[in-house]
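Chemist: Before anything else, here's the structure in question.
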Amino acid sequence: MTQPQQNPEVSLVPDRPVPQHIGIIMDGNGRWAKARGLPRQAGHRAGTKNIRRVLEEAVRLGIKVLTVYAFSTENWGRPQEEVKHLMWLISKSIQDELDELDANGVQIRHSGRMAGVNPQLQKDIRWAIERTRHNDRIILNVAFNYGGRAEIVDAVRHIIEDQVPPEEVDEALISSYLYTAGLPDPDLIIRTGGEYRLSNFLTWQAAYAEYYATPVFWPDFDEAELRRAVAVYQGRERRFGLVK
Ligand code: IPE
Ligand code: IPE
Ligand code: MG
């Protein structure tokens, strides 16, 4: 796939709101590597590094929540070596980046299932969340071992465990049982890597999100690409089912 020219000049539309919450399906690491004759692992390393660049630009743009899709419940089905490498990359990123993320006021959250994750990695994730919980510059919500359907299943189980009376079950209650409880719904979902699907990402929360897809592979999705996506969002008219 030919990659589009990147343009550092892309700027936002003045006087139009930026999204409060952006979700990113960070796809195309493998193809990015393949295009360079590199192993897929190199693509995952480059992709992991890229989160920081995009996060910093999100802070500059005034975005309050960035949810990044790092590993889906379906991704366990990949070759064992690739899964192992992805798990290793996550724990290494926590080790390498946590101090600086914390110093920069980033609050880390996790959306996903802990069950099935290596116990040490579970501990590391809990520690990253605990340590950054009072930060308020931006929330970096990492969708890891995340599936939108699994999330709804987990929510229903908890609602039943809590013996919530049926008449109390409404949309707000369900939202409050999701991994994303307390976060605003995403306004904009970005998918890199040229595919046009949600792949089980924020199934409930994205009901009224705006969608933006780009052929740019995730490791190449830079500051200007984020501004381009936000500028496109600013040009959209959100109607939420109403008439203008
Ligand atoms: C996204 O890149 C990262 C994860 C799913 C973990 P891919 O690994 O899916 O890259 P492609 O889609 O094969 O290019
Ligand atoms: C979605 O990408 C999951 C993540 C980005 C973590 P996939 O590469 O797994 O999605 P499909 O298989 O193309 O739908
Ligand atoms: Mg993919």
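Chemist: For segment 146-161, enumerate the residues that are without any contact (Cβ under 8 Å) to a residue 60 or more places away in the chain and surrounded by 15 or more Cβ atoms within 10 Å (Cβ to Cβ).
Modeler: Matches in segment 146-161: 148, 151, 152, 154, 155, 159.
Chemist: Output the residues belonging to segment 205-221 that are touching a helix residue (DSSP H, G or I) at 6+ places or on another chain (Cβ under 6 Å) and away from ligand 3 (no atom under 16 Å from the Cβ).
Modeler: Passing the criteria: 210, 212.
Chemist: Determine which member of the set 13, 59, 54 is out of contact with any Ser or Thr (no Cβ under 7 Å at 6 or more places or on another chain) and within 15 Å of ligand 2 (Cβ to nearest atom).
Modeler: On inspection, the qualifying residue turns out to be 54.
Chemist: To continue, here is another question. Could you list all residues from segment 64-121 that are within 16 Å of ligand 3 (Cβ to nearest atom), farther than 24 Å from residue 188 by Cβ and touching a Ser or Thr at 6+ places or on another chain (Cβ under 7 Å)?
Modeler: 89
Chemist: Looking only at segment 164-198, which residues are in a loop (DSSP other than H, G, I, E, B), surrounded by fewer than 15 Cβ atoms within 10 Å (Cβ to Cβ) and either among the hydrophobic types (A, V, I, L, M, F, W, C) or touching a residue at least 12 places away in the same chain (Cβ under 8 Å) (or both)?
Modeler: Passing the criteria: 164, 169, 181, 184, 195, 196.
Chemist: Looking only at segment 95-104, count how many residues are surrounded by 18 or more Cβ atoms within 10 Å (Cβ to Cβ) and aliphatic (A, V, I, L, M).
Modeler: Result for segment 95-104: 1.
Chemist: Another question, then. Going by the structure shown, is residue 107 away from ligand 1 (no atom under 11 Å from the Cβ) and surrounded by fewer than 17 Cβ atoms within 10 Å (Cβ to Cβ)?
Modeler: no
Chemist: Still on this model: Output the qualifying pairs, or none if there are none: Cβ atoms under 6 angstrom, residues six or more apart or on different chains, first residue in segment 119-133 and under 15 Å from residue 145 (Cα atoms), second residue part of a helix (DSSP H, G or I) and modelled with pLDDT of 95 or more.
Modeler: Short answer, once both residue conditions are applied: 121/91; 124/91; 124/94.
Chemist: When only residues in segment 48-63 that are over 25 Å from residue 114 (Cβ atoms) and basic (Lys, Arg) count, which is nearest to ligand 3 (Cβ to nearest atom)?
Modeler: 49
The values are calculated or read from the model by the stated rules, or taken from the named source; none is laboratory data. Every value quoted in this text rests on a predicted model; they were computed, and no experiment measured them. Neighbour counts are summed over all protein chains in view; Cβ atoms, including those assigned to glycine, are modelled from backbone coordinates with ideal geometry.
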